[in-house]
Amino acid sequence: MRYKDIIKEKDKEKLRRLLFKYIDITNFDSFLYFLKNNDPKLYNFFLDVKNNFIDLYENKDPLIINISDDKIINITGETGSGKSTYVLNNYNNDNYEIIETDVLFDDNIKVNPLLTKIRNKIFKKYEDEHYPGGYNLRINFNHFDDVLKIIINNIKDVDKTVVIDSGQFRHLKKYELLKGKLIIIRTSITESINRAIKRFDMKYPNASEFEVEEHKMKKYTAYELHKKFNTLIIKSFILYKF
C-alpha cells in the first residue's frame, strides 16, 4: 500500500488499523519524510513517536504507556538496560508478584509454586523444544506470544499486581495480549552493551581474551534487535496514543 493511500483514509479507526498494519521501523523514516510534505498533523504525531525511540547514545527515562486497568505491569528493555534493577527498586514488596520470564526457563533456579505452574505448562506445550537442565530461552524467544498468554491465563486468581519482567516483548506479534501498563526501559544501546560486557567479565573472570572478544561481537550483533523495541514503541503509540 502506498503512503498516500493510507493518509487519504478519513475514518480515524480505519486509519489507525492501516497505520498499525503497514508502519514499523523498517519504513518509518521514509514514512515520516512523506508525512512532512503531505500531512503536518500526522507528521507531528510520528515525530513525537521518533523522539520516544530507544537511542544509540542518549539515556532516556522509562516510557510508560497505559493500556488497560488490569493489575499487570509489563517491564521490558534491552539486556543491560536495567530492567531487573528497576523492578527491584519499585516493586520489591508484598503488593507485587514478580514474574521474570528468563527465570521460567532456567532449570537451576528455585522458583515459587506460581512460576513452577506456569513453567510446567509452557514446557508441556513445547516439550519437543524443552531440554531439561539445558538452554531453554529459545522457547521464550520463538514463542513469546504463547508464553505471555500462558502467564496471563494463570495469574487471574493472583490478588497482587503482577509485574512481568521480560526483554522479549520486542518479539510480540499479538498486541491484543497486552494488559495493564507497558514500561519500556530506555537506557541507550551503547550503555546497555557496556553493562552486558561488564556483567560477562564479572561472571567469567578467567575467560580468555578470545572468549571476551567473541562475547562482545555477539552483543554488538544482538543489539541490532533494539530496532524491534522501536517497532514496539511505534505500534504502541498507534494503538494507545493515536
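The values are calculated or read from the model by the stated rules, or taken from the named source; none is laboratory data. As the structure is a prediction and not an experimental result, all values here were calculated from the model. A quick note on method: Cβ atoms are made from the backbone with ideal geometry, for glycine too, and the neighbour counts reach across all protein chains shown.
When you check V158 against the structure, is it in a strand (DSSP E or B) and hydrophobic (A, V, I, L, M, F, W, C), yes or no?
no
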Does at least one position in the stretch 200-219 carry a residue that is closer than 22 Å to K21 by Cα and of a type in the set (D, E)?
no
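Identify all residues within the stretch 56-99 that are charged (D, E, K, R), surrounded by 17 or more Cβ atoms within 10 Å (Cβ to Cβ) and out of contact with any Asp or Glu (no Cβ under 7 Å at 6 or more places or on another chain); write none if there are none.
K71, E78, E97
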Consider only pairs whose beta carbons are under 6 Å apart and that are at least six residues apart or on different chains; among these, list those whose first residue lies in the stretch 226-242 and is surrounded by fewer than 21 Cβ atoms within 10 Å (Cβ to Cβ) and modelled with pLDDT under 95 and whose second residue is hydrophobic (A, V, I, L, M, F, W, C) and assigned to a helix (DSSP H, G or I).
none
Which residue pairs have Cβ atoms closer than 6 Å, lie 6 or more positions apart in sequence or on different chains, and pair a first residue in the stretch 80-98 that is over 20 Å from T116 (Cα atoms) with a second residue that is surrounded by 15 or more Cβ atoms within 10 Å (Cβ to Cβ) and among the small types (G, A, S)?
G80/S192; G80/A196; S81/S192; K83/G77
Scanning the stretch 22-47 for residues that are under 19 Å from Y240 (Cα atoms) and without any contact (Cβ under 8 Å) to a residue 12 or more places away in the chain, the one surrounded by the most Cβ atoms within 10 Å (Cβ to Cβ) turns out to be Y43
Which of the following residues is free of Cβ contacts under 8 Å to residues at least 60 places away in the same chain and out of contact with any helix residue (DSSP H, G or I) (no Cβ under 9 Å at 6 or more places or on another chain): K181, K149, K173, K124?
K124
